[in-house]
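The values are calculated or read from the model by the stated rules, or taken from the named source; none is laboratory data. Since we're looking at a predicted model, the values are computed, not measured. Ideal geometry is used to build each Cβ from the backbone, glycine not excepted, and the neighbour counts take in all protein chains shown.
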Amino acid sequence: MEEARRTEALPDLVPVRMLNEFVYCPRLAYLEWVQGEFQDNADTVEGRYRHRTVDRGGGALPPEPPSGDEESETLHARSVLLSGPAVGLIARIDLVEATGSRATPVDYKRGKAPDIPEGAYEPERVQLCAQGLILRENGFECDEGVLYFVGSKTRVRVPFDAALVERTRRAVEELREVAGRGKIPPPLVDSPKCPRCSLVAICLPDEVNLLAAENGREEPRRLIPARQDGLPLHVTEQGAIVGKSGETIEVRAHGRTIATARLMEVSQVSLYGNIQVTAQLQRELSERGTPVCHFSYGGWFSAMTTGLTHKNVELRRRQFAAAEDPAQSIRLARQFVDGKIKNARTLLRRNSEVRPDRALRELARLRRQVRSCVVTESLLGLEGAAARTYFAQFTGMIRTRARESFDFKDRNRRPPRDPVNALLSFVYALLVRETTVAVLGAGFDPFMGFYHRPRYGRPALGLDLAEEFRPLVGDSVVLTALNNGEVQESDFIHSAVGVGLTPRGRRRLIGAYERRMDSMITHPVFGYAITYRQAMAVQARLLARHLAGETPSYVPFCTR
């Protein structure tokens, strides 16, 4: 049964573009075509722009190639979709120049023609030859093709000799074999191809090689961008309507536009309370893969609206299998809790006015016990003991002037009974939203966790990943907002059931949170600069790479 499922990893007809990517990098082809991963970069966007003319189509090939030797005019057909069931390929050919029964495929490339004896690199020659084989199967004579390089306005002839045809057919067989194995090919080692690859932030070649300790660089190249291109849009105005106007998101309230943001610059939309989203905007965000996160008025993360589920079924199958395996689940749970306690200890050591040596020793002791724990219930007890020890010292990190206004005794919630706990609860909700978006973007099911067990409506895996970031992001934001005076006593609402934030208080805390998420830090393992938001995305990808068997363990994000 397993083998039967694996053979369905590829369709009966393999897209020729997939063949190009497989010859270029088998791992790239597997990520994109088997696991359903894709991410744009400047090169892919420019490539689509360069193709805009041929993609519009035009002209047509005759239903059947003409017979005989009579002279025929040359036909030009653009964006021609043809299949070759015998060779198992399908292609949308940029341009076909046909004269009588003879046809020549022309493939457009965005860059300049390389200065090499073959005139073009192997992936492009194989892709063009595959198009030629499809034309042959459709009755045309085809013994050469043309690569047109837009950057240098150069036409490069590629003869379809026996060696190239054999290489192309062999590549199709190898692609099917690799896809059918159900195991991702290893990353390239120190390859110059990686920096320009659009999937480098998903593949993580240097990072995986380093963690696997096989041919890895001592210091990985910073292949992924330090910051993500888009930023979250937070809407807190009650009664607002969030809609779309062209390529812009508009937030309207009280009959006027109160905020705008470009669609391409928004990574997620967060709505707090009674706020509506138009159907047109929701459809556009879903198509772009931009999630809409719904919070209650008090800041409870309650729902997320997204497009179709990520295509990486292979990862979700591994995730569910690992979650059902007690040994694997506890190993991952230990890493999440160990990272949380270590980061909490670091925060205490760095920010306490008086060094709490006894608490630091206790946290170190609990960490040692966590690393040897084999029962989830015991792990929950150890985490609870660490939290009590940590929060007993939390007041020591609040500066004296702020401490006079904000009294904190212990951690409480649902509802929080004092302003500090109201801040912590709100920021933790923002953090869980962030990690949930990260695991969803990596292809996971956010509701199946390894430490936090499934519960209706709870993003268990988002909560798992959030653990190691609670001290570094959540607690740090609250301490900064208190110690810098960004939140005042007037920013809280006190009632018989608890304490909440005013609209102004929410806006101020969201601002402090976003600054923290966008701040640059040095990655403790890889050594390059990165933001906290990007670090969460990397951690989600590293968890996926571990479940795929590429790294021996999941390494939590811990500052030095």
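Please work out which residue is farthest from the chain's Cα centre (by Cα), limiting yourself to segment 235-257 and to residues that are farther than 20 Å from His294 by Cα and assigned to a strand (DSSP E or B). Applying the filter and picking the extreme gives Arg256.
Quick check: anything in segment 299-308 under 30 Å from Ala179 (Cβ atoms), free of Cβ contacts under 8 Å to residues at least 40 places away in the same chain and either surrounded by 15 or more Cβ atoms within 10 Å (Cβ to Cβ) or not aliphatic (A, V, I, L, M) (or both)? Within segment 299-308, one or more residues are under 30 Å from Ala179 (Cβ atoms), free of Cβ contacts under 8 Å to residues at least 40 places away in the same chain and either surrounded by 15 or more Cβ atoms within 10 Å (Cβ to Cβ) or not aliphatic (A, V, I, L, M) (or both). In the set (1) modelled with pLDDT of 85 or more; (2) surrounded by fewer than 16 Cβ atoms within 10 Å (Cβ to Cβ); (3) out of contact with any helix residue (DSSP H, G or I) (no Cβ under 8 Å at 6 or more places or on another chain), the condition left unmet by Ala213 is number (1). None of Ala544, Ala512 is closer than 29 Å to Phe450 by Cα, of a type in the set (A, V, I, L, M, F, W, C) and buried (at least 18 other Cβ atoms within 10 Å of the Cβ) except Ala544. In segment 24-49, of all residues being at pLDDT below 90 and under 21 Å from Asn209 (Cα atoms), the one that is surrounded by the most Cβ atoms within 10 Å (Cβ to Cβ) corresponds to Glu37. Beta carbons closer than 9 Å, at least 6 apart along the sequence or on distinct chains, pair a first residue in segment 317-329 that is in contact (Cβ under 8 Å) with a residue 60 or more places away in the chain and under 15 Å from His452 (Cβ atoms) with a second that is surrounded by 11 or more Cβ atoms within 10 Å (Cβ to Cβ) and of a type in the set (Ser, Thr, Tyr) for Ala322/Ser329; Ala323/Ser329; Ser329/Thr376; Ser329/Tyr451. Restricting Thr104, Thr99 to residues that are surrounded by fewer than 17 Cβ atoms within 10 Å (Cβ to Cβ) and hydroxyl-bearing (Ser, Thr, Tyr) narrows the list to Thr99. Against the test of being outside the structural domain of Gln393 (by TED's automatic domain parsing) and farther than 30 Å from Val34 by Cα, the options Thr502, Thr559, Thr480, Thr551 yield a single qualifying residue, Thr559. Comparison of Arg361, Arg368, Arg318, Arg331 shows that the only residue that is within 21 Å of Leu547 (Cα to Cα) and out of contact with any helix residue (DSSP H, G or I) (no Cβ under 8 Å at 6 or more places or on another chain) is Arg331.
Just a yes or no: is a residue in segment 419-437 among the basic types (Lys, Arg), within 28 Å of Cys373 (Cα to Cα), in contact (Cβ under 8 Å) with a residue 12 or more places away in the chain and assigned by TED's automatic domain parsing to the domain that holds Phe320? No - not one qualifying residue is present in segment 419-437. Flag: Glu265 matches the condition of being within 25 Å of the chain's Cα centre (by Cα), of a type outside the set (A, V, I, L, M) and modelled with pLDDT under 90. Out of curiosity, is Gly449 under 20 Å from Ala548 (Cα atoms) and touching a residue at least 12 places away in the same chain (Cβ under 8 Å)? Yes, satisfied. Considering only residues in segment 434-454 that are in a loop (DSSP other than H, G, I, E, B) and among the aliphatic types (A, V, I, L, M), the one that is nearest to the chain's Cα centre (by Cα) turns out to be Ala442. So is Val370 under 31 Å from the mean Cα position of the chain (by Cα), surrounded by 20 or more Cβ atoms within 10 Å (Cβ to Cβ) and farther than 17 Å from Arg560 by Cα or not? Judged against the criteria, Val370 is a match. The single residue among Thr436, Thr400, Thr395, Thr389 that is surrounded by 21 or more Cβ atoms within 10 Å (Cβ to Cβ), among the hydroxyl-bearing types (Ser, Thr, Tyr) and closer than 29 Å to Ser352 by Cα turns out to be Thr389.
Of the residues in segment 141-158, at least one is assigned by TED's automatic domain parsing to the domain that holds Val106 and out of contact with any strand residue (DSSP E or B) (no Cβ under 9 Å at 6 or more places or on another chain). For segment 189-201, the condition of being crowded, with 18+ Cβ neighbours inside 10 Å and over 19 Å from the mean Cα position of the chain (by Cα) holds for none of the residues.
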